[in-house]
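Structure record follows, encoded as structure tokens.
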Amino acid sequence: MAAQRNLLQLSLVIHAVVYAAVIGGLVYLNQVTSSQFNWAGIVAWAWGIGLAAHGAVWIMLRAGSSSRAR
């Protein structure tokens, strides 16, 4: 069970790092090409919902496993 928690935590960290890198690149690209419309913000918001859901799953599974350990 601990191995699964560690893999879930690692996947969340990887997800967050990829999110930051891609969104950073998209914001730069948005500013260089079309600064009148912030389309990168839409992508960041939508992907951020997925990242938040991933984090929520991690928190719920972590809380559930610690209550079973008692």
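The values are calculated or read from the model by the stated rules, or taken from the named source; none is laboratory data. As the structure is a prediction and not an experimental result, all values here were calculated from the model. As a convention, Cβ positions derive from the backbone with ideal geometry for all residues, glycine included, and neighbour counts pool all protein chains shown. For the accessible areas, the whole protein counts, side chains as well, though only heavy atoms, and no ligand, DNA or RNA atoms are used. Shrake-Rupley method; radii C 1.70, N 1.55, O 1.52, S 1.80 Å.
Of the heavy-atom accessible surface of the chain (probe 1.4 angstrom), what whole percent is carbon and sulfur? Mind showing how you got there, number by number?
Details: 3610 of 5060 Å².
The value for the chain is 71 percent carbon and sulfur by accessible area.
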Average accessible area per residue (Å²) across the chain - probe 1.4 Å, nucleic acids and ligands excluded: 72
Using alpha-carbon coordinates, inclination of helix 39-69 to the longest axis of the chain, degrees: 10
0 to 90° range, to nearest 10: angle between helix 2-33 axis and the chain longest Cα axis: 10
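Loop-only chymotrypsin sites (Phe, Trp or Tyr not before Pro) in the chain, please: DSSP not H, G, I, E or B, and at most 16 other Cβ atoms within 10 Å.
Phe37
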The chain, Cα convex hull volume normalised per residue, Å³: 58
Separation of the Ala52 and Leu8 label points, Cα + 7 Å toward Cβ, nm: 2.0
